[in-house]
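K.L.:
Once you've had a glance at the structure underneath, I'll fire off some questions.
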């Protein structure tokens, strides 16, 4: 394929009218497709339907501690749920506290608590003039929404193919006491599908923060969400790594079963050092009478143990893999060699990230919408919704069927081509 | 019965040694009884076991809005759950937002949000020098724990038999801008079982607070938790009352099904004006991906509607009534006329409140413990755990069996008598 930039104005103009004709044909089909949200499909939800039968009116609802899960009691999670989620997030059972149905809620509460009560005795952040967070970009819009909600200043840190730019992270964290945290999705990152390298994790664990209450917000949302059995990314366990480096309290790990069992009816947890968990439990005892133990029991008994969960994840992979491949195949076939965009072929997670030519992302998303294909809004992967290069687009292939995805991908690549041609033509004729 | 204060020193001394003998006999039984927590009994939990069968792997899990309850979507509650809890708390469906499993958590989050973001645009409380709450006493320890946790100064307001002392409430609320709220359990109050009179509710609705962001925290925890079918307290609906008085935004109502279905696995909600709910939803959209819709569906389908729930509550009453009566009968028989304590015979709720002679509550609770009966710690019903008169004791009769309760009540009245005699003897011989 000849890169578009090497085509003449005439060639580009001819190509453009051909592509426009095809675009209009597709537009006439009145498609209604959505690639905007990392939402499991019905087939994936059906995988966990057995969970609805695990507890019934004949079931013994007493957990391992001997507590009737229907009643009050057990603040921080029943033992069998702790064991399951501890194994899932690769920490000892004593380093985990179980929460409600949403890890986002756990992250929000963690920031909210730091605002009003500080971190392990530090000054409450709401009493400080300035609080800042580092935000590897592109990243997860809901992380950025939380920090923005609390008036925390966000600093973009570029992602590399082995994680955030660690030179920049080290320099900023060690020199600025106002920097209290960094948002990380370390495995199959949202949206790029990048897994932090061993070296990156080690450099995280060795950080020397200026702020005592600096924490790494390690949102391991896709820790066991592989697409392939034979090609899996590996991530070093950060809690142990921090401990080894003499920074045991520097990290909060977040996880949930939202994309394992049911989004909205899963179980979320935080993993951290004993000292951090003591701080968290102190607040929990004021905040709640405890989370839903029946749902914890339902999860623990359905998966039995981490091996059951890993087997379950293979079924998710079988459903998701063809969807990712449907989109990636169209992208590779149609965009390969044209030099109008870059993307990574992820081995897990929920997203594909596309970097268009600078200044083209918004126009591409608007173009796909014209043909009935909804994408995540351009800019959403950056703090304040502002992608300085207007380049990144997040593609979520989980919800539509593979057939729908092929159609949606066709619309997407056509839109990329048309918008890119416009840009190149403009430059060539300027 | 002759009041103890009218007995001579000799009579009291003789009585004391008789009572001590009986106390020692009971002590020798090595009882292990707990009247400390408002915790439903196993028999009550069994009433809702049918709920475990409502959803199974063959069930259609789509709610009235057409959303698959297993997946993401629907931030503020599915329609059928809203209808059920709106009817339960006597508000229009548009005035309710469904939360997770714990109304305490909703109250905590409401205060936390006010601390960091203010109320409908007001200055965040964490930016103010001083924030105060009014606390009708005796009251619910977990309310006081939340306000204490956030460094909010608590001001005691005495309860009367028709609710808080409204002269004091009106004067304080209208004169002090630092007063941002008042904790209320308006029906079958914790711990006294008092229901606010119509006049009290009307005076609440007509408050003219100095602070724009003053809110009434109306924790209607026992709204339908009657003990009798033929003797029920009635409470005016505060949201409508506030609206009529031109104060539509002045109240948050909290409720949950914790003591209807399962503690810890129920559904909680907040009811408030449209403007308040808009403020709350704005934060919710940042905080969570939404609460557990499957559990909402389970509740809505199990109870079907408010009538089903009311029928269900009669079964709870049938279990609870004999327990309350067991304790009250012993108290009336053994303490009636002695003038060493006061109590109210509640028509609903979860507690009996006992006011001992001044300075006796701690000693009584310590005494019952000697004989193996655990009561709520004296002072717990007051802010900072400090009962200025050391007089109030909360009795929770829900968890033990009626037989156990009779025994526990025997220990209790014996302890009251012994401690009271000591006090009176001390006064007479001083």
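The values are calculated or read from the model by the stated rules, or taken from the named source; none is laboratory data. This one's a predicted model, so the numbers in the text were calculated from it and none came from an experiment. A quick note on method: Cβ atoms are made from the backbone with ideal geometry, for glycine too, and the neighbour counts reach across all protein chains shown.
K.L.:
Considering only residues that are touching a strand residue (DSSP E or B) at 6+ places or on another chain (Cβ under 8 Å) and either crowded, with 24+ Cβ neighbours inside 10 Å or not in a loop (DSSP other than H, G, I, E, B) (or both), which ones fall in the stretch A:358-379?
P.N.:
Across the stretch A:358-379, the qualifying residues are A:361, A:364, A:365, A:368, A:369, A:373, A:374, A:375.
K.L.:
Then there's this: Considering only residues of the stretch B:41-52 that are touching a residue at least 40 places away in the same chain (Cβ under 8 Å) and surrounded by fewer than 17 Cβ atoms within 10 Å (Cβ to Cβ), which is farthest from residue B:99 (Cα to Cα)?
P.N.:
Here the residue is B:43.
K.L.:
I'd like to verify a number: residues in the stretch A:153-170 that are part of a strand (DSSP E or B) and under 26 Å from residue A:347 (Cβ atoms), how many?
P.N.:
Total meeting the criteria: 7.
K.L.:
Next question, about the same structure. Pick out the one residue from B:376, B:401 that is closer than 23 Å to residue B:161 by Cβ, outside the structural domain of residue B:196 (by TED's automatic domain parsing) and modelled with pLDDT under 95.
P.N.:
One residue alone meets the criteria, B:376.
To keep it simple, each residue is scored yes or no on (1) away from chain A (no Cβ under 13 Å); (2) in contact (Cβ under 8 Å) with a residue 60 or more places away in the chain; (3) closer than 23 Å to residue B:313 by Cβ; (4) in contact with a strand residue (DSSP E or B) (Cβ under 6 Å, 6 or more places away or on another chain).
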residue: B:39; (1), (2), (3), (4): no, yes, yes, no
residue: B:54; (1), (2), (3), (4): no, yes, yes, no
residue: B:57; (1), (2), (3), (4): no, no, no, no
residue: B:70; (1), (2), (3), (4): no, yes, no, no
residue: B:73; (1), (2), (3), (4): no, yes, no, no
residue: B:80; (1), (2), (3), (4): yes, yes, yes, no
residue: B:84; (1), (2), (3), (4): yes, yes, yes, no
residue: B:96; (1), (2), (3), (4): yes, yes, yes, yes
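K.L.:
Separate question: Can residue B:345 be described as farther than 17 Å from residue B:36 by Cβ and outside any loop (DSSP other than H, G, I, E, B)?
P.N.:
When the stated conditions are applied, residue B:345 does not pass them.
K.L.:
Of B:236, B:260, which residue is buried (at least 23 other Cβ atoms within 10 Å of the Cβ) and in contact with a helix residue (DSSP H, G or I) (Cβ under 7 Å, 6 or more places away or on another chain)?
P.N.:
B:260
K.L.:
Could you figure out which of (1) in contact with a strand residue (DSSP E or B) (Cβ under 8 Å, 6 or more places away or on another chain); (2) within 14 Å of chain A (Cβ to nearest Cβ); (3) surrounded by fewer than 22 Cβ atoms within 10 Å (Cβ to Cβ); (4) closer than 30 Å to residue B:395 by Cβ isn't true of residue B:141?
P.N.:
(1)
K.L.:
Does the stretch A:391-401 hold any residues that are outside any strand (DSSP E or B) and either surrounded by 19 or more Cβ atoms within 10 Å (Cβ to Cβ) or in contact with a strand residue (DSSP E or B) (Cβ under 7 Å, 6 or more places away or on another chain) (or both), and which are they?
P.N.:
A:391, A:396, A:397, A:398, A:399, A:400
K.L.:
I'd like to verify a number: residues in the stretch B:98-136 that are assigned to a strand (DSSP E or B) and either buried (at least 22 other Cβ atoms within 10 Å of the Cβ) or within 14 Å of chain A (Cβ to nearest Cβ) (or both), how many?
P.N.:
Result for the stretch B:98-136: 5.
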